[in-house]
Amino acid sequence: MSAAMTDIELIGYCEIHCTTERALFAAENVNRMIELAGNPPGFKRQSGWVSAHEEMQELCDLARARIAPPTAAIAPPVAAGSVNALQRFAECTSLPGVVPDRVGEYVLRYEAITWGAQQRHEGFQEGVRQLQYERDNLQVLAIQRRERAEKAEARVKDLEAEDLAMHRKLASETLRADQGWARYEAANRAKNDLERERGSKQAIIDRLMLEYCPDEMTAEQVKEWGEHQVRAE
């Protein structure tokens with residue numbers, strides 16, 4: 001963010017931000033303020049994020065005094081419609097019995113205070129604009145995160161519905177498989193019962209044929225009849 005601000009704008013931003021509860025600054029802003037303040041003793045270059053209250057205010061005061069010292073040559077009007085500080089200096093020095101040096105000292109002090117107040121006000125305004133910009137960005141991020149969360153929640157619900165449908169389908173197929181196996185076992189039992197009944201009836205037929213018409217029995221019938229005979233105890 002500091003790369004997009006002028007020196008005065010950065011100072012104004014830092015003056016406002018150092019009065020907040022956390023007063024958290026990016027290292028690049030802190031290091032730039034140290035350079036603007038003339039690398040004063042006791043201040044070291046930082047990395048990461050730094051919380052600074054009084055230290056940052058001191059850097060702001062040093063930086064303002066260093067990069068924009070008040071001089072009569074560049075002093076702007078105090079306010080719209082008011083008398084310029086240089087004009088005031090001329091008026092004061094033209095009074096009878098007034099020592100110009102003493103008056104000039106007070107006028108320059110007055111000018112410096114007024115000019116500094118104007119610059120501080122502009123810095124505060126720029127800091128407010130930067131904070132508003134950050135607030136708008138945070139609001140946009142919050143909306144985007146909320147939208148992503150809503151999409152994720154909807155996706156989770158879709159997956160849960162798909163999972164439930166899959167479980168139901170699996171249960172239905174398992175039920176059909178169980179029913180098919182039950183039908184198969186029942187059919188197999190019926191088949192075995194029919195085969196036993198057929199064998200019993202065939203044994204009766206073979207016994208009757210052996211008794212009444214043995215000449216009409218085939219060799220296979222005689223053999224099968226013999227294999228099913230059981231020795232009596």
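Descriptive notes on the structure:
- In the range 173-230, the residue that is surrounded by the most Cβ atoms within 10 Å (Cβ to Cβ) out of those that are charged (D, E, K, R) and touching a residue at least 12 places away in the same chain (Cβ under 8 Å) is Asp206.
- Residue within the range 113-126 that is loosely packed, with under 12 Cβ neighbours inside 10 Å, modelled with pLDDT of 85 or more and in a helix (DSSP H, G or I) present: no
- Looking across the range 2-18, the residues that are part of a loop (DSSP other than H, G, I, E, B) and surrounded by 13 or more Cβ atoms within 10 Å (Cβ to Cβ) come down to Met5, Cys18.
- Selected residue (criterion: farthest from Thr6 (Cα to Cα)) from residues of the range 36-54 that are touching a helix residue (DSSP H, G or I) at 6+ places or on another chain (Cβ under 9 Å) and of a type outside the set (A, V, I, L, M, F, W, C): Gly42
- Count of the range 27-54 residues which are under 33 Å from the mean Cα position of the chain (by Cα), assigned to a helix (DSSP H, G or I) and surrounded by fewer than 16 Cβ atoms within 10 Å (Cβ to Cβ): 2
- Unique match (being modelled with pLDDT of 80 or more, part of a helix (DSSP H, G or I) and within 30 Å of Trp225 (Cα to Cα)) among Glu197, Glu211, Glu162: Glu197
The values are calculated or read from the model by the stated rules, or taken from the named source; none is laboratory data. Every value quoted in this text rests on a predicted model; they were computed, and no experiment measured them. Don't worry about glycine lacking a Cβ; one is built from the backbone with ideal geometry, like all the others, and counts go over all protein chains shown.
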